[in-house]
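This report concerns only the one structure given below.
The values are calculated or read from the model by the stated rules, or taken from the named source; none is laboratory data. Just so it is clear, the model here is predicted, and its values are computed rather than measured. Virtual Cβ from ideal backbone geometry, glycine too; neighbours counted across all protein chains shown. Ligands, DNA and RNA are stripped out before the accessible areas are found, and what is left, the full protein with its side chains, is counted by its heavy atoms. Shrake-Rupley method; radii C 1.70, N 1.55, O 1.52, S 1.80 Å.
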Amino acid sequence: MKRKFGVFEIEYTTDDFAYIDKLVEELEDKYLNIMDFFNLQRLGHTVNIKIWNNLEEYRNYFSKKINRKIPNWEVARATINKNESRIDLLSLKERVKCEGHQEDNLDNLLKVIIHEFVHICHITYNNYNGSMIWFGEGLATNLSNQFTKSEINCSLDDILNGKAQYINYYSMVKYLLDNFSKDYILGLAKDKALLEKETKDIYYKTIEYIKNAEK
């Protein structure tokens, strides 16, 4: 089954009947604000969403597509290029089979679809030029409200190599959102070279910011 609304077309099955209306409502409620954050008037094409109701089929499909194993914790992914934007995500009954997601509920599902839409808007905004993992995931976790507390528990090398837990990425972007103008943040979103130059300073200032907030 398919449903079109806003900038989206969503493909789902009878397994998703219990929450499909809530999922559509969440996207309709949030997507214009996210586009506005990135100063986007339009995306240029439909965002296709597919809800997968078989974990092994999801993993096999994307393993073949990207030629590497899908992480055991992955529950969704965004595909973004000039010709297509899409979000693939596991249904609620399948995502709880993934590592670290056994206790997930509908709220987690709603937040992850917003998270993936943030990625689409971010990469569209910077004209498909890519970004650093920490910044992209930090924007996505902040704008989808996936964490409520900041923490840095990794090294700078972990940040630079995209090997840290997501809460670190969240915390660094939360520091930026709390202390800098949107123009500066969008400048980092647009200019990867500037972002790479600023990352070390942002990392250490985030640590200081968290320590000061705990006093």
**Request:** Could you tell me which of rounded, prolate or oblate describes segment 1-90, using a ≥ b ≥ c as the square roots of the eigenvalues of the alpha-carbon gyration tensor, with rounded for a/c under 1.5 and, failing that, prolate when a/b is larger than b/c and oblate otherwise?
**Result:** oblate
**Asked** Once the piece of chain linking Lys82 and Thr46 is laid out straight, how much longer is it, given 0.36 nm per residue of separation minus the C-alpha distance between them?
**Response** 11.8 nm
**Prompt:** Mean residue ellipticity at 222 nm from the helices of the chain, using -39,500 (n - 2.57) per DSSP H segment of n ≥ 4 over the full residue count, to the nearest 500 deg cm²/dmol?
**Reply:** -17000 deg cm²/dmol
**Fill in**
Note, Tyr170: beta-carbon cut-off 15 Å, +1 each Lys/Arg, -1 each Asp/Glu, net -1
**Complete:** In degrees, nearest 10, the alpha-carbon axis of helix 192-214 is tilted away from the dominant principal axis of the alpha carbons of the chain by 80
**Prompt:** Within segment 89-141, which chymotrypsin sites (Phe, Trp or Tyr not before Pro) sit in a loop by DSSP and count at most 14 neighbouring Cβ atoms inside 10 Å?
**Reply:** Tyr128
**Under 10 Å, Cβ to Cβ, from Cys98 - net charge with Lys/Arg +1 and Asp/Glu -1** = -1
**Message:** Based on alpha-carbon centroids, what's the gap between segment 17-51 and segment 151-215 in Å, whole number please?
**Reply:** 26
**Message:** From the phi angles alone, apply the Karplus equation (6.51, -1.76, 1.60; θ = phi - 60°) to segment 23-38 and give each ³J(HN,Hα) in whole Hz, x where the residue is Gly or Pro.
**Reply:** 5, 4, 4, 5, 5, 4, 6, 10, 5, 5, 5, 5, 4, 5, 4, 8
**Request:** Have a look at the DSSP beta bridges in segment 10-107 and tell me what percent are antiparallel, nearest 5.
**Result:** 40
**Message:** Given contacts defined as C-alpha pairs under 8 Å and at least six residues apart, what's the relative contact order of the chain, whole-number percent?
**Reply:** 16
**Item:** Cα-Cα over 23 Å, subset of Lys22/Lys163; Lys22/Lys82; Lys4/Lys82; Lys50/Lys93
**Value:** Lys22/Lys163; Lys22/Lys82
**Item:** Point-charge dipole on Cβ atoms (K/R +1, D/E -1) for segment 47-177, about Cα centre, debye to 20
**Value:** 340
**Prompt:** About its Cα centre, how strong a charge dipole does segment 115-215 have in debye, to the nearest 20, once Lys and Arg get +1 and Asp and Glu get -1 at the Cβ?
**Reply:** 100
**Request:** Report the net charge of residues surrounding Asn72, where surrounding means a beta-carbon distance below 10 angstrom and charges are Lys +1, Arg +1, Asp -1, Glu -1.
**Result:** +1
**Asked** Which of rounded, prolate, oblate describes segment 82-188, given a ≥ b ≥ c as roots of the alpha-carbon gyration tensor eigenvalues and a/c under 1.5 marking rounded, otherwise prolate only if a/b is larger than b/c?
**Response** oblate
**Item:** Degrees between helix 106-125 axis and first principal axis of the chain (Cα, 0 to 90, nearest 10)
**Value:** 70
**Message:** Using each residue's phi in segment 51-63, evaluate 6.51 cos²θ - 1.76 cosθ + 1.60 at θ = phi - 60° and report the 3J(HN,Hα) Karplus result to the nearest Hz, with x for Gly and Pro.
**Reply:** 9, 8, 10, 8, 4, 5, 5, 4, 5, 5, 4, 7, 4
**Prompt:** Which residues' amide hydrogens lie under 5 Å from the amide hydrogen of Val47, considering only partners 5 or more residues apart or on another chain, with H built in the peptide plane?
**Reply:** Phe8, Glu9
**Asked** Can you give the accessible area of Met1 in Å² (nearest 10), computed on protein heavy atoms with a 1.4 Å probe?
**Response** 100
**Item:** Fraction of antiparallel bridges per DSSP, the chain only, in percent to nearest 5
**Value:** 45
